[in-house]
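Nothing in this text is a laboratory measurement; each read-out follows from the coordinates by a stated rule. Keep in mind that what you see is a predicted model, and the values were worked out from it rather than measured. Backbone-built Cβ (ideal geometry, glycine too); neighbour counts: all protein chains shown.
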Amino acid sequence: MPLLEPWPELHAALVRNYLPHGMPVKLGSIVAQPDLAQTLAEITELGPEHLYGGKLGRRIVDYLATLGGSLTLDDVISVKPHWFDPLTVSYRGLELHVPAQQCGGFQFALTLKILEGFDLGRLPKDGADHLDTVYRAIRLAAAERIAHGNLGPDQAAAAMSDATIARLRQRVSDGRPITGPTEQWMPQDRADPGHTTSFSIADAEGNLVCMTQSLGSPFGSGVVVPGTGVCLNNHLHWADVQPGSPNLAKPGDALPVTLAPSIATRGSRPVLALGTPGSYGIPQTQAQAYVQHIEFGLPLQQAIEAPRSRLWDGRFIQAENRIAPETIAELKRRGHEIEILETGWTMLCGGMQAVALDPVTGVMTGAADPRRDGYVIAL
């Protein structure tokens, strides 16, 4: 944790929380977090009020004050949960459900709606036509997300009108190079994608859960509140502060995030839970895996393992090196600016975890992405 060494007041608490006896963690190390265990036990016993106005909340606020922080207990108490219906779109006989409010779900859903107008399954898999079509749809969907600002459920549904989908499909088909943003309103530094976690779960009754959680940056803000084991995030840096941006953050706004956990149903039965980390690459890489699984019929594990790419602002793309050289050459000829990565497996392209459920047989299939730590466990 050398990044925090210049700030000893932060570094000591972080080391105590994450490094056994202050030594680097190695394969096979056991990381015990008794402070966090105690905090979770207290929340279980005392409920949410332990944070929202209770001892835990006061402890966090008081510690941040010693560091020059401005968070108050009233700020903590004022946080209220809100229930939103998901954004739901049809795709190849599935109903895809994603969070509708201030997240990457809109872009993911819009990408699939654009691609539904193309018979990708008849194209050579991972060939130039397949990848060119997907890349173009991703870039157009990202531009729509950025241009529309933080959409609520009704606005998101309206932004995916038949006329809009038809316009975007025509743009995919016209062959002209597409230049546009993928991150925020203004060009952003390429973020380190390694600090979000996603998992998917199915139970014996056929329920599916997909959850994606993020600390923001490496170890969040780097602030571990002593005695609690709680590491605070720094997700506020995702707020867009660029003048003129439709996403310009204002006081009281919900914070936009890139997360896009998803559940797909067929009829009324849940059949697929899929999510990934990856910053603004989340809606990109989930769409790529969906195409491999649904359009090309790959089993879930193979669909997640299939080569992927990460699109950035402009025309720039970073591609895993398992894509054929002749395909890359043709994609470059079509206007994509592609850098071939030295590895065939990079966390730049996510770390997808998924569970599929056959509604007829009840058979469950789990899949874990080799690009990051992840496992399939059956209990």
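Using a ≥ b ≥ c from the Cα gyration tensor of the chain (square roots of the eigenvalues), is it rounded, prolate or oblate, where a/c under 1.5 gives rounded and otherwise the larger of a/b and b/c decides, a/b for prolate? Please list the in-between numbers first.
Numbers: a/c = 1.60, a/b = 1.54, b/c = 1.04.
Prolate.
Got a sec to turn the phi values of the range 318-327 into Karplus ³J(HN,Hα) couplings, 6.51 cos²θ - 1.76 cosθ + 1.60 with θ = phi - 60°, whole Hz, x for Gly and Pro?
Couplings: 9, 10, 5, 7, 7, 7, 4, x, 5, 5 Hz.
What Kirkwood hydrodynamic radius do you get for the range 97-173 when you take the inverse of the mean 1/r over all pairs of distinct Cα atoms, in Å? Let's see the in-between values first.
Working: mean 1/r = 0.0783 Å⁻¹.
Answer for the range 97-173: a Kirkwood hydrodynamic radius of 12.8 Å.
Round to the nearest 10 and give me the degree value, 0 to 90, for the angle of helix 105-115's Cα axis relative to the longest principal axis of the chain.
10
Return one number: the angle in degrees, 0 to 90 and rounded to the nearest 10, between the long axis of the Cα atoms of helix 34-46 and the longest principal axis of the Cα atoms of the chain.
Roughly 90 degrees between the two axes.
Exposure proxy check: Leu232, Leu272, Leu379 ranked by fewest other beta carbons within 10 Å?
Values: Leu232 20, Leu272 24, Leu379 4.
If I rank by nearby Cβ atoms, fewest first, I get Leu379, Leu232, Leu272.
Spelling out what I want: for every residue of the range 176-183, take phi, set θ = phi - 60°, compute 6.51 cos²θ - 1.76 cosθ + 1.60 (Karplus), and round to whole Hz; glycine and proline get x.
6, x, 10, 10, x, x, 10, 9
For every other residue with a beta carbon closer than 11 angstrom to the beta carbon of Glu95, add +1 if it is Lys or Arg and -1 if Asp or Glu, then tell me the sum.
Working: positive: Arg92, Arg266, Arg269; negative: none.
Residues close to Glu95 contribute a combined charge of +3.
Using the structure shown, list the pairs from Lys113/Lys332; Lys26/Lys55; Lys125/Lys332 with a Cα-Cα distance above 28 Å, or answer none.
On the way: Lys113/Lys332 25 Å; Lys26/Lys55 35 Å; Lys125/Lys332 18 Å.
Checking Cα-Cα distances, Lys26/Lys55 exceed 28 Å.
Lys and Arg at +1, Asp and Glu at -1: add these up for the other residues within a Cβ distance under 12 Å of His50 and post the number.
On the way: positive: Lys55, Arg58, Arg59; negative: Glu42, Glu45, Glu49.
Spelling it out: positives minus negatives among the neighbours equals 0.
With a 10 Å Cβ neighbour count serving as the proxy for reagent exposure, in which order, fewest first, do Thr343, Thr212 appear?
On the way: Thr343 12, Thr212 24.
Final ranking by Cβ density, sparse to dense: Thr343, Thr212.
About its Cα centre, what dipole magnitude does the range 2-78 give when the only charges are +1 on Lys and Arg Cβ and -1 on Asp and Glu Cβ, stated in debye to the nearest 20? Could the numbers behind the result be given before it?
Values: 5 positive and 9 negative charges, 58 e Å.
Roughly 280 debye, rounded to the nearest 20.
Ranked by Cβ crowding within 10 angstrom, fewest neighbours first, how are Cys103, Cys231 ordered? Intermediate results must be reported in sequence, preceding the final value.
On the way: Cys103 26, Cys231 19.
Least crowded to most crowded, the residues run Cys231, Cys103.
Using each residue's phi in the range 351-360, evaluate 6.51 cos²θ - 1.76 cosθ + 1.60 at θ = phi - 60° and report the 3J(HN,Hα) Karplus result to the nearest Hz, with x for Gly and Pro.
My calculation for the range 351-360 gives x, 6, 10, 8, 9, 10, 10, 7, x, 8 Hz in order.
Taking the alpha-carbon centroid of each part, what is the distance from the range 40-63 to the range 306-323 in angstrom?
43
Given Cβ point charges of +1 (Lys, Arg) and -1 (Asp, Glu) and nothing else, what value in debye, to the nearest 20, does the dipole of the range 239-310 about its Cα centre take?
Values: 5 positive and 4 negative charges, 28 e Å.
Taking the Cα centre of the range 239-310 as origin, the dipole is about 140 debye.
Helix 162-173 sits at what angle to the longest principal axis of the chain, using alpha carbons and giving 0 to 90 degrees rounded to 10?
On a 0 to 90 degree scale, this one is about 70.
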